[in-house]
Amino acid sequence: MSLADLTGKTIVVTGGARGIGKAICTSFAQCGGDVIIADIRLPEAQATATELCRTTGRRVVAIQTDLTNLDDVVQMTSQALEQFGKIDVLVNNAGWDKLKPFLKTTPDFWDKVIAINYKGVLNTCFAVLPHMVSRKAGSIVNISSDTGRVGSMGEAVYSGTKGAIIAFSKSLAREHARDNIRVNVVCPGLIDTPLLKEIMGEEFGGKVVDSIVRSIPLRRLGQPDEVSPMAVFLASDSARYITGQLISVNGGLAMAG
Ligand SMILES: NC(=O)c1ccc[n+]([C@@H]2O[C@H](COP(=O)([O-])OP(=O)(O)OC[C@H]3O[C@@H](n4cnc5c(N)ncnc54)[C@H](O)[C@@H]3O)[C@@H](O)[C@H]2O)c1
């Protein structure tokens, strides 16, 4: 049984080349959606697009985009609209981090983390929302993190950006409910992706992640395809009365109050 019927829908997924984003592209395409992968890694994004076209029979294209650059994002949006005619769903998934204590970070590092994780989301929403407003239809799903809800050792700046995404999403949900546009947030816990492997490959990151894994009630890392169904559900018509909400997919690590 399919999770949702997204036949005829067009979905933009940022950071869809690999990790959680790739799983999100896969789930949307498996539900009948056509997908635009907006990612800075063109060869990986193209490989994902080719694989999904073959396995799902849907239209999946890769557009090289640096989300930190508004001109690039505007260009990606125009290309997507030229090729697909509309954008029904925007999933802001791209993100980046490196674990280090706050006092060992530098202003350049803050700028990079803020640009990718937070400004990237502002850029895509700024570029795509006018189109959704003109159609009086749309759904935005932002991938934040449990760190944005409860904080995380060695991820102070990243956690700040993820908290910002939550507050921004709730505000946008209020501003655009009258336009029939819903905005929701998914907060993953620790998910087995290339990014997490990079983090665990360093001494400090490895120690922090190991200690967190031991306190996950379900006692393991999550898999990308355990996060993606939540993005599909929130974007689908089944969630038509849900907006401004966040949900964690975290094996019970942080429990909502
Ligand atoms: N893996 C986890 O444990 C975890 C936990 C909580 C939240 N998250 C969040 O989930 C999302 C996906 O993370 P992941 O672990 O799959 O990471 P990943 O590094 O495996 O994949 C991220 C993708 O984003 C792309 N990207 C990075 N910077 C970009 C830019 N400037 N422009 C365009 N694309 C860019 C990368 O090329 C990559 O394809 C991120 O927002 C991350 O913060 C991950």
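The values are calculated or read from the model by the stated rules, or taken from the named source; none is laboratory data. Source: prediction; values computed, not measured. Neighbour counts run over all protein chains shown; Cβ positions are idealised from the backbone, glycine included. Surface accessibility is based on the protein's heavy atoms, side chains included, excluding ligands, DNA and RNA. Shrake-Rupley method; radii C 1.70, N 1.55, O 1.52, S 1.80 Å.
If I filter the stretch 242-249 for residues that are more than 16 Å from the chain's Cα centre (by Cα) and exposed (fewer than 14 other Cβ atoms within 10 Å of the Cβ), do I get at least one hit?
The answer is no, given that none of the residues of the stretch 242-249 is more than 16 Å from the chain's Cα centre (by Cα) and exposed (fewer than 14 other Cβ atoms within 10 Å of the Cβ).
What residue, among those in the stretch 78-108 that are without any contact (Cβ under 8 Å) to a residue 60 or more places away in the chain and surrounded by 15 or more Cβ atoms within 10 Å (Cβ to Cβ), is farthest from the chain's Cα centre (by Cα)?
Residue satisfying both the conditions and the ranking: 105.
Can you tell me which of (1) without any contact (Cβ under 8 Å) to a residue 12 or more places away in the chain; (2) assigned to a strand (DSSP E or B); (3) not aliphatic (A, V, I, L, M) is the one residue 241 doesn't meet?
Only one criterion is unmet by residue 241, namely (2).
Do we have any residue at all in the stretch 110-119 that's away from the ligand (no atom under 14 Å from the Cβ) and open to solvent by 20 Å² or more (accessible area, probe 1.4 Å)?
There is at least one residue in the stretch 110-119 that is away from the ligand (no atom under 14 Å from the Cβ) and open to solvent by 20 Å² or more (accessible area, probe 1.4 Å).
Quick check on my filter: what residues within the stretch 2-30 are away from the ligand (no atom under 12 Å from the Cβ) and either in a strand (DSSP E or B) or open to solvent by less than 10 Å² (accessible area, probe 1.4 Å) (or both)?
Once the filter is applied, which keeps residues that are away from the ligand (no atom under 12 Å from the Cβ) and either in a strand (DSSP E or B) or open to solvent by less than 10 Å² (accessible area, probe 1.4 Å) (or both), the stretch 2-30 yields 6, 10, 11, 28, 29.
Would you mind stating whether residue 165 is within 21 Å of residue 138 (Cα to Cα), within 14 Å of the ligand (Cβ to nearest atom) and crowded, with 19+ Cβ neighbours inside 10 Å?
Details: within 21 Å of residue 138 (Cα to Cα): yes; within 14 Å of the ligand (Cβ to nearest atom): yes; crowded, with 19+ Cβ neighbours inside 10 Å: yes.
Criteria met by residue 165.
Counting just the residues of the stretch 222-239 that are open to solvent by 40 Å² or more (accessible area, probe 1.4 Å) and of a type in the set (A, V, I, L, M, F, W, C), which one comes out nearest to the ligand (Cβ to nearest atom)?
Among those that are open to solvent by 40 Å² or more (accessible area, probe 1.4 Å) and of a type in the set (A, V, I, L, M, F, W, C), it is 230.
Report whether or not residue 191 is closer than 28 Å to residue 10 by Cβ and within 14 Å of the chain's Cα centre (by Cα).
Answer is yes for this residue.
Scan the stretch 81-132 residue by residue and report those that are in a loop (DSSP other than H, G, I, E, B) and either of a type in the set (Val, Ile, Thr) or under 22 Å from residue 22 (Cβ atoms) (or both).
Within the stretch 81-132, 87, 88, 93, 94, 95, 96, 97, 98, 105, 106 qualify.
State whether the residues of the stretch 67-75 include one that is open to solvent by less than 20 Å² (accessible area, probe 1.4 Å), over 18 Å from residue 224 (Cβ atoms) and assigned to a helix (DSSP H, G or I).
yes
Give the residues of the stretch 183-196 that are within 9 Å of the ligand (Cβ to nearest atom) and not small (Gly, Ala, Ser), sorted by residue number.
186, 187, 188, 190, 191, 192, 193, 194, 195, 196
Taking residue 180 as meeting all but one of (1) on the phi > 0 side of the Ramachandran plot; (2) away from the ligand (no atom under 14 Å from the Cβ); (3) in contact with a Phe, Trp or Tyr (Cβ under 7 Å, 6 or more places away or on another chain), write down the number of the exception.
Result: residue 180 passes all but (3).
Filter the stretch 133-154 down to the residues that are part of a helix (DSSP H, G or I), touching a helix residue (DSSP H, G or I) at 6+ places or on another chain (Cβ under 7 Å) and farther than 26 Å from residue 101 by Cα and list them by number.
133
Given the conditions (1) among the hydrophobic types (A, V, I, L, M, F, W, C); (2) assigned to a helix (DSSP H, G or I); (3) surrounded by fewer than 22 Cβ atoms within 10 Å (Cβ to Cβ); (4) within 12 Å of the ligand (Cβ to nearest atom), report the number of the one that residue 216 does not fulfil.
Of the numbered conditions (1) among the hydrophobic types (A, V, I, L, M, F, W, C); (2) assigned to a helix (DSSP H, G or I); (3) surrounded by fewer than 22 Cβ atoms within 10 Å (Cβ to Cβ); (4) within 12 Å of the ligand (Cβ to nearest atom), the odd one out for residue 216 is (2).
Among the residues of the stretch 37-57, is there at least one that is outside any helix (DSSP H, G or I), touching a residue at least 12 places away in the same chain (Cβ under 8 Å), farther than 27 Å from residue 207 by Cβ and open to solvent by 20 Å² or more (accessible area, probe 1.4 Å)? Walk me through it before giving the result.
Of all residues in the stretch 37-57, those outside any helix (DSSP H, G or I) come to 37-41, 57.
Subsequent filtering for residues that are touching a residue at least 12 places away in the same chain (Cβ under 8 Å) retains 37-41.
Those left that are additionally farther than 27 Å from residue 207 by Cβ: 37-41.
Next, from what is left, pick out any that are open to solvent by 20 Å² or more (accessible area, probe 1.4 Å): 40-41.
So far as the stretch 37-57 goes, yes, one or more of its residues are outside any helix (DSSP H, G or I), touching a residue at least 12 places away in the same chain (Cβ under 8 Å), farther than 27 Å from residue 207 by Cβ and open to solvent by 20 Å² or more (accessible area, probe 1.4 Å).
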